[in-house]
1. Please find, within the stretch 61-74, the residue that is nearest to S115 (Cα to Cα) out of those that are surrounded by fewer than 13 Cβ atoms within 10 Å (Cβ to Cβ) and either among the aromatic types (F, W, Y) or free of Cβ contacts under 8 Å to residues at least 24 places away in the same chain (or both).
2. Among the numbered criteria (1) assigned to a loop (DSSP other than H, G, I, E, B); (2) touching a residue at least 40 places away in the same chain (Cβ under 8 Å); (3) not basic (K, R), which single criterion is violated by F77?
3. Looking at A166, A98, A137, A187, which one is part of a helix (DSSP H, G or I), in contact with a helix residue (DSSP H, G or I) (Cβ under 9 Å, 6 or more places away or on another chain) and within 21 Å of A213 (Cβ to Cβ)?
4. Condition first: open to solvent by 20 Å² or more (accessible area, probe 1.4 Å) and within 15 Å of the ligand (Cβ to nearest atom). Now tell me which residues in the stretch 157-178 satisfy that.
5. Please specify each residue of the stretch 98-123 satisfying the condition of being under 28 Å from G207 (Cα atoms) and either open to solvent by less than 10 Å² (accessible area, probe 1.4 Å) or of a type in the set (V, I, T) (or both).
6. Within the stretch 340-349, track down each residue that is at pLDDT 95 or above and of a type in the set (A, V, I, L, M, F, W, C).
7. Quick check: is even one residue across the stretch 226-238 open to solvent by 20 Å² or more (accessible area, probe 1.4 Å), within 13 Å of the ligand (Cβ to nearest atom) and touching a residue at least 60 places away in the same chain (Cβ under 8 Å)?
8. Considering only residues that are closer than 12 Å to V291 by Cα, out of contact with any helix residue (DSSP H, G or I) (no Cβ under 6 Å at 6 or more places or on another chain) and among the polar types (S, T, N, Q), which ones fall in the stretch 251-274?
Amino acid sequence: MKQEEEGTMKKLAFMTLLISILLAGCGAPPVCICQCDCSQVTPEAAPGTPEAAPGIQLQPVRSTPEVWTYRDMVVGFIQTGSEGGWRSANTNSFKESAEELGITLKFYDSPGDLSSQERGFRQFIADQEVNVIVLAALESTGWEDELLEAKAAGKVVVLEDRRIDASQDLYATFIGADFVEEGRRAAVEMCRLVDGMAGKKVWELVGNVGSSAARDRGVGFREKAMECGIDIITSSTGNWSAVEARQLTETWLKESRDVQGIFAQNDEMALGAIEALKGAGLTPGVDVKLVSVDATFGAFEAMLAGELNVSVECNPLLAPQVYEAALKALNGESLPKWIPAMDAVFRSDMPNLQEIADNRQY
Ligand code: GYE
């Protein structure tokens, strides 16, 4: 075929491509043909598609598969921001499992700021590539509008780790721990530990205010603590942070050393309290009993050193369950509104603690 004719054919093919994209702009979802750069053509949004937020580039819509597979999933994941060992294990669980399953993961990390989380959520609503939104909510209230918009946009929403106070028909399911039960378990252990001590005065180091984890662990702990006469004499937020918890405990120790137990709502805060107790010349785990939640590496080290008495596990490796549930939801399967995570309780006096610690993933 003479060169000239070849050139004309190419031009013709390109013109066909351009026309089909322009046609797509008129309501039909655009089809992305490999030779052109789709992002340059801003297709008309399909009817009912939400207005893209300013600066958001609408992405070409992927066609809907008959049967969804992990490879069809584009997940927008909104994380809380870094909060220590548990949170990084949770984030890695999503990144690693997505890689293994062939899922496209768009990861949005908010710096511990609720409005940033809401912005990320809206960004994923407008991102037409995204078919699943996964949310680890910093706070449990204020999500109705976003959930309604996500529903209108046909997104599957799965909550992971933290519950939110919203109507259950606005999300596919919640995958996470029973925080109230974690609090109960912690109190049962604290009752056992302070039994026979000079008193049952306990200090509580609380997680970030407004989160379901902090609220519910406190509820569960109080429910059981009352049964053995524990007196929670002071309680304040350490924002899941070892540094803040250490400062708080140092302040409390300046006011009084008459304390028999510290309930830390996560391991990081327990490790901070341990440093403060040592700084005050007290022996953590002996003079003052410590119970925490998460059971991360740091907790096992402290339990093996006898400085932390108990850690109630809260499993961060939730991604496989979340992705499995999202896939079922995409394929129209009905799901229970809560899929509990599997957890245990670890004590410093367990004979096989070292062996367990050696086999931990987080
Ligand atoms: O206990 C804490 C993290 O939401 C269960 O958040 C999670 C909690 C966890 O910062 O370490």
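1. Filtering the stretch 61-74 for residues that are surrounded by fewer than 13 Cβ atoms within 10 Å (Cβ to Cβ) and either among the aromatic types (F, W, Y) or free of Cβ contacts under 8 Å to residues at least 24 places away in the same chain (or both), the one nearest to S115 (Cα to Cα) comes out as T64.
2. (1)
3. A187
4. Listed by number, the residues that qualify are R163, D178.
5. Of everything in the stretch 98-123, those that are under 28 Å from G207 (Cα atoms) and either open to solvent by less than 10 Å² (accessible area, probe 1.4 Å) or of a type in the set (V, I, T) (or both) turn out to be S110, S116, Q117, G120, F121.
6. Across the stretch 340-349, the qualifying residue is only F346.
7. no
8. Listed by number, the list holds a single entry, N266.
The values are calculated or read from the model by the stated rules, or taken from the named source; none is laboratory data. Because the structure is predicted, anything quoted here is derived from the model rather than measured. So basically every Cβ, Gly included, is an ideal-geometry build from the backbone, and we count neighbours across all protein chains shown. Ligands, DNA and RNA are excluded from the accessible area calculation, which covers all protein heavy atoms including side chains. Shrake-Rupley method; radii C 1.70, N 1.55, O 1.52, S 1.80 Å.
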